[in-house]
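Engineer: Structure provided below as structure tokens; questions to follow.
The numbers here are math on the coordinates, done by the rules we state, and not lab data. From a predicted model like this one, the values you see are computed outputs, not experimental measurements. Here the Cβ positions follow ideal geometry from the backbone for every residue, glycine too, while neighbour counts run over all protein chains shown.
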């Protein structure tokens with residue numbers, strides 16, 4: 001497994017991968033890997049992060065993400081979530097419905113809590129139905145920063161977005 005510590009505007013993003021596949025992206029934890037250059041296997045993901053933090057969508061093909069071995073439900077949640085565009089949001093309930101599991105918002109939350117690939121699988125774009133942030137594995141500061149980076153105004157733990165939430169499906 002190769003590691004690289006990417007320096008984002010909001011803190012460290014430690015990438016872990018091998019064989020051309022990204023397995024983990026830890027927000028806020030610095031890797032012990034030394035050096036300024038990413039290992040060749042991680043260069044495409046560093047390039048994607050450079051684009052993302054420059055304001056471009058992070059569109060990583062699912063085949064490059066280490067999602068093998070996950071439950072079918074988690075893969076479905078992550079796949080639907082990757083369809084939510086840069087700058088848009090969706091509620092936990094809307095995401096559950098898009099996965100064919102209407103009423104399973106808590107199960108979706110559990111899948112997102114276990115997401116090993118934030119930003120690439122953009123769980124920061126999922127909000128509670130009332131527009132409040134909900135949880136985020138890396139903490140509210142990261143979720144707020146990423147949402148604001150994508151053009152949302154966050155005040156008092158609530159997202160004020162000009163376009164509202166996206167309907168999937």
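Engineer: What single numbered condition from (1) touching a residue at least 40 places away in the same chain (Cβ under 8 Å); (2) touching a strand residue (DSSP E or B) at 6+ places or on another chain (Cβ under 6 Å); (3) closer than 26 Å to residue 6 by Cα fails to hold for residue 58?
Structural biologist: (2)
Quick grid of which residues meet (1) touching a residue at least 12 places away in the same chain (Cβ under 8 Å); (2) out of contact with any strand residue (DSSP E or B) (no Cβ under 8 Å at 6 or more places or on another chain); (3) farther than 16 Å from residue 15 by Cα:
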| site | (1), (2), (3) |
| --- | --- |
| 44 | yes, yes, no |
| 77 | yes, yes, yes |
| 88 | yes, no, yes |
| 91 | yes, no, yes |
| 104 | no, yes, yes |
| 107 | yes, yes, yes |
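Engineer: How about region 93-102: which of its residues are touching a helix residue (DSSP H, G or I) at 6+ places or on another chain (Cβ under 8 Å) and touching a residue at least 24 places away in the same chain (Cβ under 8 Å)? Can you show your working first?
Structural biologist: To start, the set of residues in region 93-102 that are touching a helix residue (DSSP H, G or I) at 6+ places or on another chain (Cβ under 8 Å) comprises 93, 95-96, 98-102.
93, 95, 98, 99, 100, 101 - these are the residues of region 93-102 that are touching a helix residue (DSSP H, G or I) at 6+ places or on another chain (Cβ under 8 Å) and touching a residue at least 24 places away in the same chain (Cβ under 8 Å).
Engineer: Then there is this: If residue 135 satisfies every condition in (1) surrounded by 19 or more Cβ atoms within 10 Å (Cβ to Cβ); (2) in contact with a helix residue (DSSP H, G or I) (Cβ under 7 Å, 6 or more places away or on another chain); (3) without any contact (Cβ under 8 Å) to a residue 40 or more places away in the chain but one, which is the exception?
Structural biologist: The single condition residue 135 does not satisfy is (1).
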